[in-house]
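Everything below concerns the one structure shown next.
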Amino acid sequence: MPAEVLAEIREGLVNWRGSGLSVLELPFTGAKFQTILAEAEQDLRDLLDIPASYRVLFLQGGAFAQFRLVPQNLLRAGEIASYVETGYWSARAIAEARAVCRVAIASSARKAIPTFAGWQISPDAAYCHITTNETAEGVQFHEIPLLSSPPLVADMTADLLTGPQDIRRFGLIYASAQKNLGAAGLTLVIVHEDLLGRGQEAVPAPFDYTRQAHAGSLINTPPTFAIFAAGRMLNWLKQQGGMNAIAERNRAKAAKLYAAIETSSFYRCPVPPAHRSSVTVCFHLPDVAQEAAFIEAAAQEGLRDLEGHPAVGGIRVALYNGVTEAAVDALVAFMAEFAAKHAEG
């Protein structure tokens, strides 16, 4: 997270808004926390231009839990769901959904986004699910299809709030908060009110979209600290100029990194340019040993957590909102030095 956001969080941990109370001590049923929750929701609505017909839910459990909770909340007995497979995380979502419902694959691809014209969405599907950014492979949807039916459901954990998004194209969006929105422990669900009231009776109350919508996300104790942290991050995003300004900054960061890859024969990105993620940049070196050396040397320079996903390997650079352009410049300079040194060897 940005330094100024961390400073606000630090202050809130000791003395929230001059109250003498730590934000960790605020009861979730009290007026002070209700203020935190209301402000966070309003800032989120302002940033993403969320229509009044959508409900915003602040839940626990992480996005992984939603892999099963989505079909349990949106499907009635015997109904089917369509899924688009584009990488590791959409495959995980499909596997989890199959445990609780019938799944039809609308399209399947890796290291690329399948052309929408080729999707075969089941005519009986209650929804169609996509993962907008595959963090393991570095693949991202840059255009969201406009579906008249069924409603589009998206796991946007990696790229929610990295730029403007037409919420009206979705029936439901879910995302864990720890990428671009703050601390782990919070999951956002943005759901159109027409999709409420479909949940199965077996869904526990804390994960029932309809009951949580009616209770204002307070049917149980919510992740209060994570909501507070998200609120500070949302406020920071507004101060930066909103989604258009953030998108431009993120595009600039990604462009610098991809340029460093493309202008060097030492690095290779297997993703076609049109499908490359501006959020998670994945690339490879000539061999695994050099990748290990790259990661170790980078860590010594303060450039940490560059390991690729275990299922894919290689190098992965997460360019989330809190990553500065100066950090990208430092990485690009390191890449040039490392390539020059090892090419000579």
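Each reported figure results from applying straightforward, stated rules to the coordinates on display, with no laboratory input. Source: prediction; values computed, not measured. Glycine gets a Cβ as well: all are built from the backbone with ideal geometry, and neighbour counts include every protein chain shown.
Odds and ends about this structure:
- Sequence-separation-based contact order of the chain, relative, with Cα cut under 8 Å and 6+ spacing, percent: 20
- Other residues lying with their Cβ under 14 Å from the Cβ of Pro51 contribute a combined charge of -2, Lys and Arg counting +1, Asp and Glu -1.
- For the peptides 196-205, 263-272, the ranking by mean Cβ contacts within 10 Å, running from highest to lowest, is 263-272, 196-205.
- Note that region 275-284 has calculated 3J(HN,Hα) couplings of 10, 6, 6, 8, 10, 10, 9, 10, 8, 10 Hz, one per residue in order, obtained from phi through the Karplus relation 6.51 cos²θ - 1.76 cosθ + 1.60 (θ = phi - 60°); glycine and proline are x.
- Nearby lysines by direct alpha-carbon distance to Lys179 (threshold 29 angstrom, same-chain neighbours under 8 apart not counted): Lys32, Lys111, Lys238, Lys253, Lys256
- Gain on full extension, evaluated as 0.36 nm per residue between Arg17 and Ala311 minus their Cα-Cα distance, stands at 101.4 nm.
- Peptide packing: for 50-56, 275-281, the average count of neighbouring Cβ atoms within 10 Å per residue gives the ranking 275-281, 50-56, highest mean first.
- Separation of the Thr324 and Leu146 label points, Cα + 7 Å toward Cβ, nm: 4.1
- Here the Karplus curve 6.51 cos²θ - 1.76 cosθ + 1.60, taken at θ = phi - 60°, turns the phi angles of region 110-127 into couplings of 10, 6, 6, 9, x, 4, 4, 4, x, 5, 10, 7, 4, x, 9, 5, 7, 6 Hz, with x standing for Gly and Pro.
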